[in-house]
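S.K.: This structure is in C-alpha cells; I'll ask about it shortly.
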Amino acid sequence: MAKKFASQGDMTEKKISFSEVGRDIWAFTAEGDPNTGVVIGDDSVLIVDTQATPLMAQKVIEKIRSVTDKPIKYVVLSHYHAVRVLGASAYSQASEIIASSLCNAMIHERGAEDWQSEFTRFPRLFQGHETIKGLTFPTLTFDKKMTLYLGKRRVDLLHLGRAHTAGDIVAWVPDERVMLSGDIVEYRSACYCGDAHFHDWRNTLQAIAEFSPLSLVPGRGDALTGEAKVQKAIDCTDDFLISTYRPAAQIAAKGGDLQEAFAAVRNACDNKFKDYAIYEHCLPFNVARAYDEALGMDTPRIWTEQRDAQMWESLQG
C-alpha cells in the first residue's frame, strides 16, 4: 500500500497542555502540533501565533480565559505559514496584527499557495477550515525591532535574522527572560526547512542563545524551563540543521541528484531524529530545500500543491 502523502494519515488528536513558563507567560502546546505563546500584561494580552483556523484558535482563547479576563490586544505572527496565522480572525478584539515587513511580503508573494499546500499536507491541523475568512495580513509591520507595552510589561519583537523563513521574528519578555521563538527553535520535533535559510538559521539560533533565556516557548514541542533545557533545545535544533544540510550539500557538490541527497540525509538523520514529531512529514521538503540552497538558490522556491505532489512521487515512490 502506498504511503500517504506527508501527514494526511495523521488523524490522532493530541493532548493539549497550557503551562506557565514565567510570571503570567503561558505556552499552549499539543505534543508536537503548532504552539501558541501567551503574554499577560497589566492591562492586556499578547499572543504569538494564532493556530490554523478560527475554530482551533478558540481552544487557545478558552485556555487564556481560564487564567485572565484581560483583552487580547496584540496578535503577533512569528512568520507567514498558514498553520500559524489563518486563525487570526478569532481574535476579533485585537487592535493590531503584527509581523515583520518580510513576513508581510511573503504573505503577498506566496501565502495563497502555502495555504493550499499545507491544507493538503496536514488536514488534521485545519479543523473547521470553513471558518477561515481568508489570508491573514498584518496591520502593523517593522523591519528589525518593535517594542510594545502591556501596561508596565515590555515585550520586544525582534527580527534576528533569516531562519525557518526569511521573515521570522521572536518575542522577548525581559522582566522574566522568556523567549517565544516561533519555529526558529523546536523541541523534540523535526524542523520544517522547506522555506529555510540553513546557514542564516544557525546564526539566528546563536543570537537567541545570547539572550540566555530562562524559559522558551518553541514553535513545536514542550515548553522549556531552565537555561540548561533551553540551551539543549537550541543545540538540538542546530544539530538537526547541520545533519540535514551537510549530506545534501555533499551530494549536490558531486553532481548527484535529489534522490541521492534524500538517501544521504536519511542516513545521517534517522538514528537521531526518527522519533521526533513530524520527522517523516518534513524530510522530503527539507532535503529539497537543502539541495537547492547548496546549489546556490538563495530564495526558496514556492511550494504549491502541484509541486508537493511531484516531489513526493519522485522521492517516496
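Any read-out appearing in this document is the output of simple, stated calculations on the displayed coordinates, not a laboratory observation. Note that the structure is predicted; figures quoted are calculated from it, not measured. Neighbour counts are summed over all protein chains in view; Cβ atoms, including those assigned to glycine, are modelled from backbone coordinates with ideal geometry.
S.K.: Using alpha carbons only, how many degrees (0 to 90, rounded to 10) separate the axis of helix 54-65 from the longest principal axis of the chain?
M.R.: Its long axis makes an angle of about 40 degrees.
S.K.: If you don't mind, there's one more thing I want to ask. Which whole-number percent gives the relative contact order of the stretch 215-293, counting Cα pairs below 8 Å spaced six or more residues apart?
M.R.: Relative CO of the stretch 215-293 lands at 27 percent.
S.K.: Could you work out the Rg to Rh ratio of the stretch 166-309, with Rh taken as the Kirkwood radius (inverse of the mean 1/r over all Cα pairs)?
M.R.: 0.99
S.K.: Mind checking the log10 I(q)/I(0) for the stretch 20-65 at q = 0.19, 0.21 Å⁻¹? Debye, one equal scatterer per Cα, no solvent, two decimals.
M.R.: -0.56, -0.68
S.K.: Sticking with this structure for a sec: Per 0.36 nm of contour for each residue apart, how much would the distance between Q93 and A105 grow if the chain were fully extended, relative to their Cα-Cα spacing?
M.R.: Contour length minus Cα-Cα distance gives 1.9 nm.
S.K.: Counting only C-alpha contacts under 8 Å and six or more residues apart, can you give the relative contact order of the stretch 113-217 as a whole percent?
M.R.: Normalised by residue count, the contact order of the stretch 113-217 is 21 percent.
S.K.: Here is a follow-up. Check which residues have an amide H placed less than 5 Å from A277's amide H, if you skip close sequence neighbours.
M.R.: S189, A190
S.K.: When N counts the residues of the stretch 82-232, how does its alpha-carbon radius of gyration compare numerically with 2.2 N^0.38 Å, as a ratio?
M.R.: 1.06
S.K.: Which entries in the list K15/K232; K4/K274; K70/K152 go over 20 Å, if you measure between the two C-alpha atoms of each?
M.R.: Violating the 20 Å limit, Cα to Cα: K15/K232.
S.K.: Obtain the nm distance between the two label points defined at R246 and K4 by a simple spin-label model: each point lies 7 Å from its Cα along the Cα-to-C-beta direction.
M.R.: 3.5
S.K.: While we're here: Along each of the three principal axes of the Cα atoms of the stretch 215-295, give the extent in whole Å, ordering the values from largest to smallest.
M.R.: The Cα atoms of the stretch 215-295 stretch 44, 19, 19 Å along the principal axes, largest first.
S.K.: What do you get for trypsin sites (Lys or Arg not before Pro) in the stretch 81-146 restricted to DSSP loop and a cutoff of at most 16 other Cβ within 10 Å of the site's Cβ?
M.R.: Loop-located and lightly packed - K133, K144.
S.K.: Would the stretch 140-190 count as rounded, prolate or oblate if I go by the C-alpha gyration tensor, calling it rounded below 1.5 in a/c and otherwise prolate when a/b exceeds b/c, oblate otherwise?
M.R.: Working: a/c = 3.04, a/b = 1.37, b/c = 2.21.
The shape class here is oblate.
S.K.: Which ³J(HN,Hα) values, rounded to whole Hz and listed in residue order, are derived for the stretch 306-312 from phi using the Karplus coefficients 6.51, -1.76 and 1.60 in 6.51 cos²θ - 1.76 cosθ + 1.60 with θ = phi - 60°, glycine and proline given as x?
M.R.: 5, 5, 3, 5, 5, 5, 4
S.K.: With an 8 Å cut-off on Cα pairs and a minimum separation of 6 or more residues, tell me the relative contact order of the stretch 167-317 in percent.
M.R.: 27
S.K.: Further question: What list of ³J(HN,Hα) couplings, whole Hz, do you get for the stretch 154-171 from phi and the Karplus terms 6.51, -1.76, 1.60, once you set θ to phi - 60° and write x for glycine and proline?
M.R.: Working through the residues one at a time gives 9, 10, 9, 9, 9, 9, 8, x, 5, 7, 4, 9, 6, x, 4, 10, 10, 10 Hz.
S.K.: ³J(HN,Hα) across the stretch 100-113 via Karplus (A = 6.51, B = -1.76, C = 1.60, θ = phi - 60°), whole Hz, x for Gly/Pro?
M.R.: Each residue's phi maps through the Karplus curve to give 6, 4, 5, 4, 4, 5, 6, 4, 5, 6, 9, x, 5, 5 Hz.
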